[in-house]
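Read through the structure below, which is laid out as structure tokens, and then see the notes.
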Amino acid sequence: MTDLIAPHGGVLKDLYLAGEACDTERQNARDYPSWDLTPRQLCDIELLLNGAFSPLEGFLGKDDYEGVCRDMRLADGTLWPMPVTLDVTEEFAKGLKPGESIALRDLEGVNCATLVVSDIWTPDRGAEAEQVYGTRDEKHPAVDYLLNRSNPVYVGGRLHGIDAPVHYDFKHLRHSPAEMRTMFRKHSWRKVVAFQTRNPMHRAHQELTFRAARQVEANLLIHPVVGMTKPGDIDHYTRVRCYERLLKHYPEQTTTLSLLPLAMRMGGPREALWHAIIRKNYGCTHFIVGRDHAGPGDDSNGKPFYGHYDAQELVTEHADELGIEMVPFKMMVFVQDRAQFVPADEVSEGEQVMNISGTEFRRRLQEGLEIPHWFSYPEVVQELRKTHPPRHRQGFTLFFTGLSGSGKSTIANAVMVKLMEMGERRVTLLDGDIVRKNLSSELGFSKEHRDLNILRIGFVASEITKNGGVAICAPIAPYASTRRQVRELVTPGGGFVEVHVATPLEVCEQRDRKGLYAKARAGIIKEFTGISDPYETPEDPELVVDTVGVTPDHAAHRVIVKLESLGYIR
Ligand code: PPS
């Protein structure tokens with residue numbers, strides 16, 4: 001474990017053990033309690049071990065954590081704005097004692113590091129959300145993570161690095177802080193300005209980075225986050241190909257691209273400070289902070305969580321102790337008369353400004369509409385179109401839900417046949433009964449088993465959708481939150497269309513084609529949906545179909561029309 005002092009960026013921690021010490025610890029770790037790191041913890045540990053989170057030497061202990069939450073300072077007073085904590089289950093924490101070591105493993109079971117436990121405590125995660133993100137609103141991705149996904153117990157302690165997490169993608173673009181500093185030195189880059197991004201870069205971003213570099217007479221590091229970003233963002237594979245295309249439009253020898261495996265929290269101002277410290281550790285002298293830096297968007301009431309320029313203000317407040325200089329920027333807009341991007345505050349009166357918002361850009365991609373050259377380079381757009389084709393070429397899941405005997409299977413079958421007749425995409429039918437026979441034969445009808453059944457359907461549907469096919473699902477799916485989970489599973493890879501087959505219970509019972517309602521009434525079948533088990537009516541489905549007085553053909557036709565209006569078929 002070493003501290004490197006380099007001309008770029010001050011003291012840099014390196015928490016990896018070397019040589020014999022490493023071999024011994026690897027051997028010892030076989031007997032330690034072992035924790036499988038979550039995807040976010042894996043990102044954090046990589047940046048802890050390689051010094052990107054210097055001066056941290058491990059996951060925060062209790063005193064440091066409380067200081068960071070309260071006033072962005074470690075117990076010794078050092079500025080550190082973001083809690084970096086190891087959350088574990090109660091069950092795992094139960095046997096642990098301070099002074100003991102634990103082994104930390106990646107998804108494949110490789111032992112990345114060991115941690116000497118200093119503290120074990122149960123944090124008040126609601127209070128943490130309030131202190132760090134200024135809200136308990138679960139629309140904030142980090143608050144949602146904290147309150148709904150993270151584990152309840154924190155374990156703090158010093159790390160000893162054994163094997164760095166492995167990446168198989170874009171190896172040529174991944175650098176540790178030490179490697180980055182060495183590269184800057186080798187190229188005699190005395191001043192380097194870093195640009196943080198989690199989005200594809202278009203011409204406005206390019207102009208902004210040009211201006212920033214010119215303004216402070218520095219070289220440029222394009223430093224996109226490829227760890228975890230905001231849910232719904234464009235995947236990093238696509239983005240990196242876009243950055244590589246864009247890089248060709250920068251003057252040679254001035255600019256470089258490197259990927260940062262950071263798990264963002266979307267923490268706005270605090271996150272901007274954190275980003276600046278990380279870039280200092282990578283050897284940068286300057287850091288660009290634009291409008292809404294690391295902003296999580298709007299809260300549940302439609303108001304932005306943070307002010308557009310709050311991040312710049314907070315970084316300015318701490319300018320003296322940061323060790324890296326901020327280059328603040330306003331939003332860039334395209335001025336048509338000048339055929340040029342300029343910061344919004346430099347637009348003269350009467351000049352016509354053009355802008356395409358992120359939402360509008362996504363709409364144009366989705367509908368295969370034109371994206372003007374002033375907005376983005378054609379080769380960048382081409383990369384985006386490859387993985388984000390218009391809706392009529394995307395896969396989608398058609399999810400029917402409704403009571404037993406409501407007509408789900410009949411309509412689903414008819415829709416399947418109509419889609420096969422069109423022949424545009426491959427279609428798979430995951431009907432309730434088919435799934436129960438082939439995927440979920442061991443399951444019953446308790447809430448737990450129904451949820452498991454639906455999540456299995458969701459998993460298969462998401463795979464089909466991601467690969468451009470159509471998955472038609474027709475289970476009862478009585479619980480709203482499980483249907484929502486399926487939607488969340490599917491939408492990153494394509495479309496999700498929920499159809500509520502809203503045939504009233506009396507009609508379903510009257511039909512009773514399988515004789516199940518009679519048995520349910522007689523108490524022979526327990527937990528029967530609608531009779532002795534709940535059905536939560538969908539609140540916001542894409543389509544509601546009631547089969548009373550409607551032929552299956554007509555109901556299927558309504559679904560097809562809906563798919564057309566949503567753009568999934570032409
Ligand atoms: S769920 O709740 O979504 O997991 O149900 P699903 O997989 O769609 O299975 C429903 C079919 O199983 C038959 N069946 C029951 N349904 C509801 N409740 C109970 N207790 C039950 N027991 C058996 C029933 O025939 C359902 O088929 P459909 O096609 O919906 O009529």
Task: Rounded to whole Hz, the Karplus (6.51, -1.76, 1.60) HN-Hα couplings of the range 432-446, x for glycine and proline - done: x, 5, 4, 5, 4, 7, 9, 10, 10, 5, 8, 8, x, 10, 5
TODO: Using Cα centres only, tell me the gap between the range 521-566 and the range 122-165 in whole Å.
DONE: 40 Å
- [ ] Hey, can you grab everything whose amide H is under 5 Å from the amide H of residue 498? Only 5+ residues off in sequence or another chain; H modelled, so Pro and N-termini drop out.
- [x] 399, 542, 543
Task: Computed helical MRE - 222 nm, the chain, DSSP H runs ≥ 4 contributing -39500 (n - 2.57), nearest 500 - done: -11000 deg cm²/dmol
TODO: State the percentage of accessible surface on the chain attributable to carbon and sulfur atoms; use a 1.4 Å probe and exclude ligands, DNA and RNA.
DONE: 49 percent
Task: Förster radius 22 Å - calculated FRET efficiency between residue 544 and residue 522, Cβ distance, rounded to 0.05 - done: 0.10
Task: Per-pair calculated FRET efficiency, R0 = 22 Å: residue 487 and residue 422 via Cβ, rounded to 0.05 - done: 0.35
Task: Cα lying deepest toward the dipole's positive end in the chain, options 153, 182, 544, charges on Cβ - done: 544
Task: Residues with amide H under 5 Å from that of residue 228, placed H, sequence gap 5 or more - done: 262, 263, 264
Task: chymotrypsin sites (Phe, Trp or Tyr not before Pro) within the range 132-183, DSSP loop, no more than 15 other Cβ atoms inside 10 Å - done: 168
Task: Accessible area in square angstrom per residue, the chain, 1.4 angstrom probe - done: 46 Å²
Open item on the list: As an exercise, identify the GluC sites (Glu not before Pro) in the range 322-358 lying in DSSP coil whose Cβ has no more than 16 other Cβ atoms within 10 Å.
Closed with: 349, 351
Open item on the list: Helix 268-281 against the longest principal axis of the chain: what's the angle in degrees, Cα atoms only, rounded to the nearest 10?
Closed with: 50 degrees
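With a Förster radius of 35 Å, plug the Cβ-Cβ distance of residue 62 and residue 313 into 1/(1 + (r/R0)^6) and report the FRET value to the nearest 0.05.
Working from the Cβ atoms, E equals 0.70.
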Open item on the list: Please give the charge dipole size of the range 1-141, origin at the Cα centre, charges +1 on K and R Cβ atoms and -1 on D and E Cβ atoms. Round to the nearest 20 debye.
Closed with: 120 debye
Open item on the list: Please list log₁₀ I(q)/I(0) at q = 0.09, 0.10, 0.14 Å⁻¹ for the range 391-566, using the Debye equation with identical point scatterers on the alpha-carbon positions.
Closed with: -0.28, -0.35, -0.70
Task: Whether the range 2-161 is rounded, prolate or oblate, judged on the alpha carbon gyration tensor where a/c under 1.5 counts as rounded - done: oblate
Task: Kirkwood-based Rg to Rh ratio, the range 391-486, C-alpha trace - done: 0.96
TODO: Pop out the ³J(HN,Hα) list for the range 394-403 in order, Karplus 6.51 cos²θ - 1.76 cosθ + 1.60 with θ = phi - 60°, rounded to Hz; leave Gly and Pro as x.
DONE: 7, x, 8, 10, 9, 10, 7, 9, x, 5
Open item on the list: Nothing charged except the Cβ atoms of Lys and Arg (+1) and of Asp and Glu (-1): what's the magnitude of the dipole of the chain about its Cα centre? Round to the nearest 20 debye.
Closed with: 1760 debye
Open item on the list: Taking the 0 to 90 degree range and rounding to the nearest ten, how far is the long axis of helix 236-247 tilted relative to the main principal axis of the chain, both from C-alpha atoms?
Closed with: 50 degrees
Task: Translational diffusion of the chain, µm² s⁻¹ [Kirkwood Rh, Cα pairs; Stokes-Einstein; 10 °C; 1.306 mPa s] - done: 60 µm²/s
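Which of rounded, prolate or oblate describes the range 179-260 when judged by the alpha-carbon gyration tensor and an a/c cut-off of 1.5?
Working: a/c = 2.00, a/b = 1.51, b/c = 1.32.
Prolate.
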- [ ] Specify the angular offset, from 0 to 90 degrees and rounded to the nearest 10, of the alpha carbon long axis of helix 203-216 from the longest principal axis of the alpha carbons in the chain.
- [x] 20 degrees
Task: Residues with amide H under 5 Å from that of residue 84, placed H, sequence gap 5 or more - done: 60
Open item on the list: Out of the trypsin sites (Lys or Arg not before Pro) in the range 405-491, which ones are loop residues according to DSSP with at most 14 other C-beta atoms within 10 Å?
Closed with: 426
Open item on the list: When a/c reaches 1.5 or more, the comparison of a/b and b/c decides; with that in mind, is the range 472-547 rounded, prolate or oblate per its Cα gyration tensor?
Closed with: prolate
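The values are calculated or read from the model by the stated rules, or taken from the named source; none is laboratory data. Owing to the predicted nature of the structure, the values given are computational and were not obtained by experimental measurement. Heads up, the Cβs are rebuilt from the backbone with ideal geometry, glycines too, and the neighbour counts pull from every protein chain shown. Protein only, heavy atoms only, side chains kept; ligands, DNA and RNA dropped before computing areas. Shrake-Rupley method; radii C 1.70, N 1.55, O 1.52, S 1.80 Å.
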